[in-house]
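Working notes for the structure below.
The values are calculated or read from the model by the stated rules, or taken from the named source; none is laboratory data. Model, not experiment: these values are computed from the prediction. Cβ placement follows ideal geometry from the backbone for every residue including glycine, while neighbour counts extend to all protein chains displayed.
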Amino acid sequence: MRVNRKIACSAFPCNDVKHECCIIPNVEVNPDDVSVVLIAEAAPPDPGDYYYAKGNPLFQQTTVQAFQDAGAAVSSVRDILELGVYLTTAVKCGKTG
């Protein structure tokens, strides 16, 4: 399942977020492989810092570090997905302020 084909926000009803920072990941996930959903508060103000952005985004760095601190042998978001953990945000747009 491609996540961005199942989730959308066309009305943008939230007033306290940056709509231009709306992020719905273009990541392939098999729902049968997901056993845990980790939900962060909101997307980052910079889309390049989101979990599934290319390179070494900030959300990936901090989340990988948290999993490593908990004893998981991971080095990327892909490794975390392979553990059955899907990473997402409750609010798809970046926070203001």
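Selection of segment 48-95 for residues being within 20 Å of ASN30 (Cβ to Cβ) and among the basic types (Lys, Arg) yields only ARG78. What are the residues in segment 33-49 that are among the hydrophobic types (A, V, I, L, M, F, W, C) and closer than 17 Å to ARG78 by Cβ, if any? Of everything in segment 33-49, those that are among the hydrophobic types (A, V, I, L, M, F, W, C) and closer than 17 Å to ARG78 by Cβ turn out to be VAL34, VAL36, VAL37, LEU38. Among the residues here, GLN60 does not qualify as closer than 16 Å to SER76 by Cα and either loosely packed, with under 12 Cβ neighbours inside 10 Å or among the β-branched types (Val, Ile, Thr) (or both).
Out of all the residues in segment 45-62, is one or more touching a residue at least 12 places away in the same chain (Cβ under 8 Å) and among the acidic types (Asp, Glu)? So far as segment 45-62 goes, yes, one or more of its residues are touching a residue at least 12 places away in the same chain (Cβ under 8 Å) and among the acidic types (Asp, Glu).
Scanning segment 41-51 for residues that are surrounded by 19 or more Cβ atoms within 10 Å (Cβ to Cβ) and in a loop (DSSP other than H, G, I, E, B) gives PRO44, TYR50, TYR51. Collect the residues in segment 52-97 that are modelled with pLDDT of 90 or more and assigned to a strand (DSSP E or B), keeping them in residue-number order. Selection gives VAL85, TYR86, LEU87.
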